[in-house]
Amino acid sequence: VNRIAYLTIDDAPRNDFRKKLAFLKLLNIPAVFYCTGESLMQKPDDAVLALKEGYVIGNHSYSHLHFSSLTFDQACVEIEKTDNLLKEIYKTAEKKIIRTFRFPYGDKGWGDDPENTQPSLDEKFFHKKIQDFLREKGYKQPEFPGLNYEHYSEKNFLEDIDVFWTYDCREWEYDQTDSMFNSILERMDVDDPGNWFGLNSGTSAEIILTHDHDETTVIFELLIKKLVSKGFIFKLPEF
Ligand SMILES: [Zn+2]
C-alpha cells in the first residue's frame, strides 16, 4: 500500500526556487511553500508563478523570528504583513487565497522543541492568543487524510491553526561535508515511527519539512527521489 506524503518547503522563494519548481513539476509532485514576507518582497513573481502552476503559498511570518521572543503585538505584525503580501500575490495569480501558517523554527510561542510538554502558563496564554489571532484572520488547520501518528495528535498539533510536520529532513544543517550529506539521507531509513522517524516503517501519512535554501538544492532533489522510491505518493492537504 502506498503511503501519502504532504510536501512542505519553507523559507521560499529563494534563488533556486524556479529550479526546485521545475524539478517538482517534472515529477508531478504538489507542495506547499511556506514563504517569509522578506523573501516574497524580493521575488513576488516566483510566488505568482507557483500559484498558477497549482502550488500553494503559505505564510511563514515576515522576518523569520522566534515567536517566543516576540510580544503579542510584534507576533501579530509578523503574521499580518505577510498576509497582506499574500492577498496581493493570490490576486495577481487570479487564485482564491488559501490561508495556512507555519511558525519559523516550529516555535509556537514556547521555543523550538516540539517535545516541550511543560510550557509555562504565560507561554500557554501567549500560544492561545496567537492561535486565536490566526483564526480571526481566516487561517485554518488543513486536513491531512491518512495522518494518524499518536505523538502528533496528542500534542494538539491537528487542532492548532499552524501546520507542523511529522518528518524534518534536516537538510538545512547540511555543511557541504560528505559525512553530513550521507547522514541526512541515511536517517530517512531509521525505524522509529513513534519518535518522528516513520518514513521507513511507519503506517501514517507524513508531513515532510524541507527548505528552499540555495546550498541544499542538490540534496533536496535526492530526498524527494528517495521518498518516491520508498513508495510515497505526494498530495496536497485539503484546505
Ligand atoms: Zn523557516
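The values are calculated or read from the model by the stated rules, or taken from the named source; none is laboratory data. Predicted, not measured: the structure shown is a model, and the values here were computed from it. Glycine also receives a Cβ, built like all others from the backbone with ideal geometry; neighbour counts cover every protein chain displayed. To get the accessible areas, we keep the full protein, side chains included, count just its heavy atoms, and leave off ligands, DNA and RNA. Shrake-Rupley method; radii C 1.70, N 1.55, O 1.52, S 1.80 Å.
All Cα-Cα separations within the chain were binned at 5 Å from zero, giving a P(r) of 1, 6, 14, 18, 20, 18, 13, 7, 2, 0, each value a whole percent of the pairs. Cross-link partners for Lys25 among the lysines, with Cα-Cα distance under 25 Å and sequence neighbours closer than 8 places in the same chain left out: Lys43, Lys52, Lys87, Lys91, Lys95, Lys96, Lys225, Lys226, Lys230, Lys235. If you run the Gaussian network model on the chain, springs between alpha carbon atoms under 10 Å, then out of Val56, Val77, Val163 the most flexible one is Val77. Here's how it looks for Phe197: its modeled amide H is under 5 Å from those of Asp192, which are all 5 or more places away or on a different chain. Taking other residues whose beta carbon is less than 12 angstrom from the beta carbon of Gly138, and scoring Lys, Arg as +1 and Asp, Glu as -1, yields +3. Here the extension length gained between Val218 and Lys140 equals 24.8 nm, from 0.36 nm per residue of separation less the Cα-Cα distance. Computed from point charges on the beta carbon alone (+1 for Lys and Arg, -1 for Asp and Glu), the dipole magnitude for the chain about its Cα centre is near 1080 Debye.
How do Glu186, Glu171, Glu150, Glu80 stack up against each other in accessible area, from largest to smallest, with a 1.4 angstrom probe?
The most accessible residue leads, giving Glu150, Glu186, Glu80, Glu171.
With just the Cα atoms defining each centre, how far is the stretch 1-39 from the stretch 146-186? Give it in Å. Taking the Cα centre of the stretch 146-186 as reference, the centre of the stretch 1-39 is 15 Å away. Of the solvent-accessible surface of the chain, computed with a 1.4 Å probe and all protein chains present, 50% belongs to carbon and sulfur.
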